[in-house]
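The values are calculated or read from the model by the stated rules, or taken from the named source; none is laboratory data. Computed from a prediction, not measured in an experiment: that's the story for all the values here. Cβ atoms come from the backbone with ideal geometry, glycine included; neighbour counts cover every protein chain shown.
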Amino acid sequence: MNKQAFTIAEFCEAYKISRGRFHELEKAGLGPKTYRIASRPYVSLSAAQEWQQRMEAGAAENFKPLPAKSPGRRGRRNESSGGAQ
């Protein structure tokens, strides 16, 4: 039997996108159609192919991804506190 649906992780692996990018596209209304079984989301093979056709046709041309998250300041010492503690 041929594969008829992807989990989100399988879809992302197959189309070489991160899960974060998948969710950004989904929020922007540019993600593939999904359905749920027992609260788990799936992408049907036909929805994946339709999504690929939309992307190839330039649907995401004006997509503005969220800016990269800064790594934060963890591990850095506060230099204004005078140094050694």
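Numbers below:
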{"read-out": "Hey, TYR35 surrounded by 13 or more Cβ atoms within 10 Å (Cβ to Cβ) and at pLDDT 80 or above or not", "value": "no"}
{"read-out": "Search result, residues across segment 18-40 that are outside any helix (DSSP H, G or I) and in contact with a Phe, Trp or Tyr (Cβ under 8 Å, 6 or more places away or on another chain)", "value": "ALA28, LEU30, GLY31, PRO32, LYS33, THR34, TYR35, ARG36"}
{"read-out": "Enumeration of residues in segment 1-17 that are assigned to a helix (DSSP H, G or I), surrounded by 12 or more Cβ atoms within 10 Å (Cβ to Cβ) and not charged (D, E, K, R)", "value": "ILE8, PHE11, CYS12, ALA14, TYR15"}
